[in-house]
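Asker: So that we are looking at the same thing, I have put the structure below in structure tokens.
The values are calculated or read from the model by the stated rules, or taken from the named source; none is laboratory data. Nothing here was measured: the structure is a model prediction, and the numbers come from that model. Cβ atoms come from the backbone with ideal geometry, glycine included; neighbour counts cover every protein chain shown. Heavy atoms of the whole protein, side chains included, go into the accessibility calculation; ligands, DNA and RNA do not. Shrake-Rupley method; radii C 1.70, N 1.55, O 1.52, S 1.80 Å.
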Amino acid sequence: MSIFEPDEGTLVVLPSLSLPQDELRRITGPLCYEERLLFLLLTLRKPKVEVVYLTSTPVDSAVVDYYLGFLDDPDEARTRLQMISLDDPDTHPLTEALLRRPDAIARIRAALGGHREGDATAGDGGNGGNGGNGGNGRAAWMVPFVVSEYEERLAGILSLPVYGPATSLAHLGSKSGGRTIGDEAGVPLVRGFGDLRSLIEVEHAARAMGPTSKLMVKLNNSYSGLGNAIVTKDDRPLVSCPTSFSASGENWTTFAEKVAERGAVIEEFIEDRPLYSPSALARITPGGVYDVVATHEQILGGPNGDVYQGCTFPARQEYRAELGAHAERIARILAGRGVVGLFGIDFFAVKTDGGYRTLMCEINLRIGGTTHPFGAAVLTTGASYDPGTGTLVHAGRPKYYVATDNCAAPALRGRTPGEVVKLVHDEGLGFDRERRTGNVLHMLGGIPKYGKLGFTSIGDSAEEAAELHRRTLATLRQTA
């Protein structure tokens with residue numbers, strides 16, 4: 001089962017941000033991120049695929065039209081698509097809200113063509129398996145952004161298997177769990193300690209690190225770098241040392257509470273230059289088959305340069321093969337533990353006299369920031385990943401891309417998604433279906449209120465993709 005290229009069945013897409021809500025509130029327009037998985041509408045190009053897409057608030061019809069416009073027969077594809085919204089703009093996770101809405105659950109069941117006799121209890125939906133049928137004899141899957149207790153409860157109610165790791169395995173994707181898996185896989189790690197449960201334990205670990213000028217403390221469960229603190233170490237306790245928190249408004253008092261609640265790791269802050277931040281995207285099927293589907297260079301920003309902003313594909317050639325090999329070893333361990341679904345693995349690449357050395361820093365056991373650019377590129381170009389070269393290839397020609405989630409263009413505030421789609425097309429920046437190059441836009445729902453969107457720029461060379469991306473950013477930011 002591949003969510004990028006399903007042959008048949010129903011994908012119930014649940015882009016709920018069931019993540020730490022204190023960090024989520026620091027993101028501009030968090031509900032817009034529910035649109036990042038709209039690339040899955042492109043799976044409707046297969047005539048036996050159906051999609052049920054769930055959101056907190058309605059998706060602008062122009063946005064749906066935009067994605068269906070990539071298909072040969074948009075009108076026919078629309079008959080196999082159901083968009084279900086709670087029409088609820090509150091910032092609580094979508095799935096949590098769904099569980100309080102029997103009317104919405106009834107609509108999902110109707111979209112699946114009925115329901116088997118008797119409600120399943122929480123957990124009966126399971127993770128993996130061979131697919132539920134929702135009562136219509138067709139395979140059906142829940143595809144969540146992240147799996148929490150809410151997603152598992154909903155899957156149980158709907159008797160749907162989940163394309164994602166069970167919550168009982170969630171610790172494997174924590175910062176501490178990632179270090180354990182990396183060590184078991186024999187992959188080089190950033191020097192540090194995990195499983196820290198108090199500020200006192202963090203202090204003791206910092207002393208055990210020995211001579212080093214900077215340390216990074218990371219909360220076990222956080223995302224986009226928002227749970228990080230960088231400490232410039234001296235002889236004083238850490239709380240008295242100069243500290244830069246990646247999340248605005250954070251301080252040692254609030255951070256210590258989160259360490260006690262979630263746990264943390266402490267690692268050496270790598271100051272080598274040049275320093276790169278590549279990542280690998282891998283998947284494990286319900287049958288336990290694992291593979292690496294892509295490598296990327298992460299584009300980072302924020303006050304500490306550790307907050308995810310976007311990516312380029314593929315990772316640098318100097319260490320691409322090593323990156324893929326390390327990721328495959330990690331995927332093998334996770335598959336043996338019963339993990340299912342997509343996940344990302346973040347690394348550092350450090351220059352040495354003999355080339356580059358890659359060090360694993362964390363595992364994100366969920367759909368991540370590189371998933372939707374990869375999915376958009378695969379589904380629009382028809383390219384396949386070649387593990388030998390680490391590139392996407394269609395008809396013998398490689399494909400490259402640059403993607404961002406954070407195109408902030410104040411001039412676009414108040415515009416509609418349809419107007420921006422037309423602008424990109426009129427400027428010659430849209431997607432060329434014949435050449436299979438151009439832009440694929442996402443998070444268009446953030447335009448009217450925030451002037452914010454994302455896009456993936458696809459080219460036949462790294463230079464073409466980068467130039468298209470640069471021109472698109474300039475055009476959007478300079479729009480009057």
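Asker: Give me the residue from region 268-285 that is of a type in the set (A, V, I, L, M) and more than 13 Å from the chain's Cα centre (by Cα) and, out of that set, farthest from Arg207 (Cα to Cα).
Answerer: Here the residue is Ile284.
Asker: Do you know which residues across region 155-203 are open to solvent by 40 Å² or more (accessible area, probe 1.4 Å), among the basic types (Lys, Arg) and within 30 Å of Thr95 (Cβ to Cβ)?
Answerer: Listed by number, the list holds a single entry, Arg197.
Asker: So if I check each of Leu54, Leu71, Leu44, which one is in a helix (DSSP H, G or I), under 25 Å from Phe455 (Cβ atoms) and either open to solvent by 30 Å² or more (accessible area, probe 1.4 Å) or of a type in the set (A, V, I, L, M, F, W, C) (or both)?
Answerer: Leu44
Asker: List the helices (runs of 4 or more DSSP H) inside region 133-228, counting only whole elements, that have at least 3 residues being within 21 Å of the chain's Cα centre (by Cα) and at pLDDT 95 or above.
Answerer: The helices (runs of 4 or more DSSP H) meeting that bar are 149-158, 175-184.
Asker: Out of (1) buried (at least 20 other Cβ atoms within 10 Å of the Cβ); (2) free of Cβ contacts under 8 Å to residues at least 24 places away in the same chain, what's the single condition that is false for Ser240?
Answerer: (1)
Yes/no per residue for (1) among the hydroxyl-bearing types (Ser, Thr, Tyr); (2) within 22 Å of Val143 (Cβ to Cβ); (3) open to solvent by 20 Å² or more (accessible area, probe 1.4 Å); (4) touching a residue at least 60 places away in the same chain (Cβ under 8 Å):
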| position | (1), (2), (3), (4) |
| --- | --- |
| Ala325 | no, no, yes, no |
| Ala331 | no, yes, no, no |
| Gly336 | no, no, yes, no |
| Gly341 | no, yes, no, yes |
| Gly344 | no, yes, no, yes |
| Met360 | no, no, no, yes |
| Thr380 | yes, yes, no, yes |
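Asker: Being under 21 Å from Phe39 (Cβ atoms) and among the charged types (D, E, K, R) is the filter; apply it to region 387-426 and report the residue that is most open to solvent (accessible area, probe 1.4 Å).
Answerer: Lys422
Asker: Then there is this: Is at least one residue of region 330-344 of a type outside the set (Gly, Ala, Ser), assigned to a strand (DSSP E or B) and either touching a helix residue (DSSP H, G or I) at 6+ places or on another chain (Cβ under 7 Å) or at pLDDT 95 or above (or both)?
Answerer: So far as region 330-344 goes, yes, one or more of its residues are of a type outside the set (Gly, Ala, Ser), assigned to a strand (DSSP E or B) and either touching a helix residue (DSSP H, G or I) at 6+ places or on another chain (Cβ under 7 Å) or at pLDDT 95 or above (or both).
Asker: In addition: So which of Arg273, Arg262 is of a type in the set (Lys, Arg), more than 22 Å from Phe455 (Cα to Cα), out of contact with any Asp or Glu (no Cβ under 9 Å at 6 or more places or on another chain) and at pLDDT 90 or above?
Answerer: None of the other options fit; the residue is Arg262.
Asker: State yes or no: is Arg471 in contact (Cβ under 8 Å) with a residue 12 or more places away in the chain, over 23 Å from the mean Cα position of the chain (by Cα) and not in a helix (DSSP H, G or I)?
Answerer: Against the criterion (in contact (Cβ under 8 Å) with a residue 12 or more places away in the chain, over 23 Å from the mean Cα position of the chain (by Cα) and not in a helix (DSSP H, G or I)), Arg471 does not qualify.
Asker: I need the full set of residues from region 444-474 which are among the hydroxyl-bearing types (Ser, Thr, Tyr), at pLDDT 95 or above and under 20 Å from Pro417 (Cα atoms), in order please.
Answerer: Selection gives Thr456, Ser457, Thr472.
Asker: Scan region 58-79 and report the pairs whose first residue is closer than 19 Å to Arg36 by Cβ and whose second residue is acidic (Asp, Glu), with Cβ atoms within less than 8 Å and a gap of 6+ or a chain change.
Answerer: Pro58/Asp87; Val59/Glu35; Val63/Glu35
Asker: Here is a follow-up. Would you check if Gly118 is small (Gly, Ala, Ser) and either within 26 Å of the chain's Cα centre (by Cα) or at pLDDT below 60 (or both)?
Answerer: yes
Asker: Please tell me if Leu37 is open to solvent by less than 10 Å² (accessible area, probe 1.4 Å), at pLDDT 95 or above and either farther than 20 Å from Ala140 by Cα or part of a helix (DSSP H, G or I) (or both).
Answerer: Against the criterion (open to solvent by less than 10 Å² (accessible area, probe 1.4 Å), at pLDDT 95 or above and either farther than 20 Å from Ala140 by Cα or part of a helix (DSSP H, G or I) (or both)), Leu37 qualifies.
Asker: Oh, and also: Quick one: is Ala377 touching a strand residue (DSSP E or B) at 6+ places or on another chain (Cβ under 6 Å), farther than 25 Å from Ser174 by Cα and assigned to a helix (DSSP H, G or I)?
Answerer: yes
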